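Taking it in order: structure first as structure tokens, then the write-up.
The values are calculated or read from the model by the stated rules, or taken from the named source; none is laboratory data. It should be emphasised that the depicted structure is a prediction, and the values quoted were computed from it without experimental measurement. FYI the Cβ positions are ideal-geometry reconstructions off the backbone, even for glycines, and counts take in every protein chain you see. Keep in mind that these areas ignore ligands, DNA and RNA; they rest on the heavy atoms of the full protein, side chains included. Shrake-Rupley method; radii C 1.70, N 1.55, O 1.52, S 1.80 Å.
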Amino acid sequence: MAQITIDIPDDLAQRLAPYQSQFSELFTRLIATTLLGQQPPGQSTPTLPNSSSTYQEILDLLISQPTSEQIISFKVSEASQSRLQTLLQKNRETALSPAESAELDLYEQLDTLMGLLKVRAYTTLNAAPQN
């Protein structure tokens, strides 16, 4: 078997540490599905986290080359908002599972990304010459 070495930032290495034993399978899936457009032999379609629909909503927005106004007015679906509220409530009442904690972290990252995009879009919109 061939061996590949990559350099990654320390913070990413720490976040990936729990998945170290799964790297071979994860990279095989990534390469097969993303680069080769196929499913690895003997593999079923991987289950995506619930937040993947939110991720997809944001990707769809960005791929559509939105105007500043569209970025500023963007809101995730009711289903995504409901799932986030469920995770937040559960986090207040009990401990989240590792998967739920990771999902909540992803929501936080996506919220930060959209916040930054909205600030940038608002700044761009207000900097444009007024007619």
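Close Cβ contacts (under 9 Å, 6 or more residues apart or on different chains) running from residues in the stretch 104-131 that are among the aromatic types (Phe, Trp, Tyr) to residues that are at pLDDT below 90 comprise Tyr107/Ser51; Tyr107/Thr54.
For the stretch 83-101, taking the residues that are free of Cβ contacts under 8 Å to residues at least 60 places away in the same chain and surrounded by fewer than 11 Cβ atoms within 10 Å (Cβ to Cβ), the one that is nearest to Asp60 (Cα to Cα) is identified as Gln85. Filtering Leu87, Leu59 for residues that are in a helix (DSSP H, G or I), under 18 Å from Asp111 (Cβ atoms), more than 15 Å from the chain's Cα centre (by Cα) and at pLDDT 70 or above leaves a single hit, Leu87.
When each of Leu104, Leu113, Leu117 is tested for being touching a helix residue (DSSP H, G or I) at 6+ places or on another chain (Cβ under 8 Å) and open to solvent by 60 Å² or more (accessible area, probe 1.4 Å), the lone residue that passes is Leu113. Of all the criteria given as (1) modelled with pLDDT under 90; (2) open to solvent by 80 Å² or more (accessible area, probe 1.4 Å); (3) assigned to a loop (DSSP other than H, G, I, E, B), the one not satisfied by Thr34 is (3).
Among the residues of the stretch 67-80, are any modelled with pLDDT of 85 or more, among the basic types (Lys, Arg) and open to solvent by less than 60 Å² (accessible area, probe 1.4 Å)? So far as the stretch 67-80 goes, no, none of its residues is modelled with pLDDT of 85 or more, among the basic types (Lys, Arg) and open to solvent by less than 60 Å² (accessible area, probe 1.4 Å).
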